[in-house]
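Participant: Take this structure first; my questions come after.
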């Protein structure tokens, strides 16, 4: 790991060198061996806001954050950035609930601590990242999305976000696993929700909305768990007690949440009514 401009250790920072270096190693999760510590594991929060990723030693206000424990003795540390090769940025510190927190996003009240440049090892297992999400597609089957969201008491923006991630809004999409249509319904799910033609945009959207409604009910309104179950199955979410530790599912949930925020911002206010799940 190398530190770029702004990364000098001078003045009052020098006495905190060991603690800050441990925080940096944890945040950057670059495959660098963590400093010896009696703690068996540390926790880093992978946070998504406005379609961008950051890492923090505590949940970020205003972001959707998922905790990941990193064992001090792990043979390989996860690359949570979702990119390989050089990554540059800055570390900020802020006081949050009386505790000093370090993170890679500049939040209100934070102070820039230092710049960094880090190169994860080539064999470090990388999180899939957000990738290219694209802009909200508001005109695609707008009436069908709006009607299905209203009929099932779910958020129109969230329904569209799921469809966007699932198929890119393509009615004729077919996945390698056999999922079909805009909402990428598996044949058994299509049958359960009475969708005779999964390639019909109206039928697929209506069936997908019903399925998402039921998942929200099962997971007490938690969108992230409902999205994880839509991707990986209800059993996987129940087995792990949260979003399963599958790179594909973790990336899927992050993408849905990022696009949900984009659709919420782009849709007319009248279309966003905060409906309660029935």
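The values are calculated or read from the model by the stated rules, or taken from the named source; none is laboratory data. No experiment lies behind these values; they were computed from the predicted model shown. Cβ placement follows ideal geometry from the backbone for every residue including glycine, while neighbour counts extend to all protein chains displayed.
Participant: Has the stretch 213-223 got any residue that is within 12 Å of the chain's Cα centre (by Cα), within 24 Å of residue 180 (Cβ to Cβ) and either surrounded by fewer than 18 Cβ atoms within 10 Å (Cβ to Cβ) or touching a residue at least 60 places away in the same chain (Cβ under 8 Å) (or both)?
Facilitator: Yes, the stretch 213-223 has at least one match.
Participant: Would you mind stating whether residue 165 is modelled with pLDDT under 95 and buried (at least 19 other Cβ atoms within 10 Å of the Cβ)?
Facilitator: Judged against the criteria, residue 165 is a match.
Participant: Something else: Among the listed residues 140, 118, identify the single one that is more than 18 Å from the chain's Cα centre (by Cα), modelled with pLDDT under 75 and surrounded by 13 or more Cβ atoms within 10 Å (Cβ to Cβ).
Facilitator: Answer to the selection: 118.
Participant: Mind telling me which of the residues 159, 138, 133 ends up being closer than 30 Å to residue 65 by Cβ and not in a loop (DSSP other than H, G, I, E, B)?
Facilitator: 159
Participant: Now for a different question. What about residue 172, is it surrounded by fewer than 15 Cβ atoms within 10 Å (Cβ to Cβ) and either touching a helix residue (DSSP H, G or I) at 6+ places or on another chain (Cβ under 6 Å) or assigned to a helix (DSSP H, G or I) (or both)?
Facilitator: no
Participant: Working only within the stretch 67-85, note down all residues that are surrounded by fewer than 19 Cβ atoms within 10 Å (Cβ to Cβ) and either under 21 Å from residue 247 (Cβ atoms) or at pLDDT 80 or above (or both).
Facilitator: Hits for the stretch 67-85 are 67, 68, 69, 70, 71, 74, 75, 76, 82, 83, 84, 85.
Participant: Search the stretch 224-246 for residues being assigned to a helix (DSSP H, G or I) and exposed (fewer than 15 other Cβ atoms within 10 Å of the Cβ), and hand back the single one that is nearest to the chain's Cα centre (by Cα).
Facilitator: Within the stretch 224-246, the match that is nearest to the chain's Cα centre (by Cα) is 240.
Participant: Now for a different question. Exactly one condition in (1) crowded, with 16+ Cβ neighbours inside 10 Å; (2) in a helix (DSSP H, G or I) is not met by residue 183; state its number.
Facilitator: For residue 183, the failing item is (2).
Participant: Against the definition (surrounded by fewer than 21 Cβ atoms within 10 Å (Cβ to Cβ) and either modelled with pLDDT of 95 or more or not assigned by TED's automatic domain parsing to the domain that holds residue 55 (or both)), how does residue 266 come out, yes or no?
Facilitator: For residue 266, the condition - surrounded by fewer than 21 Cβ atoms within 10 Å (Cβ to Cβ) and either modelled with pLDDT of 95 or more or not assigned by TED's automatic domain parsing to the domain that holds residue 55 (or both) - is met.
Participant: Of 204, 146, which residue is buried (at least 21 other Cβ atoms within 10 Å of the Cβ) and at pLDDT 95 or above?
Facilitator: 204
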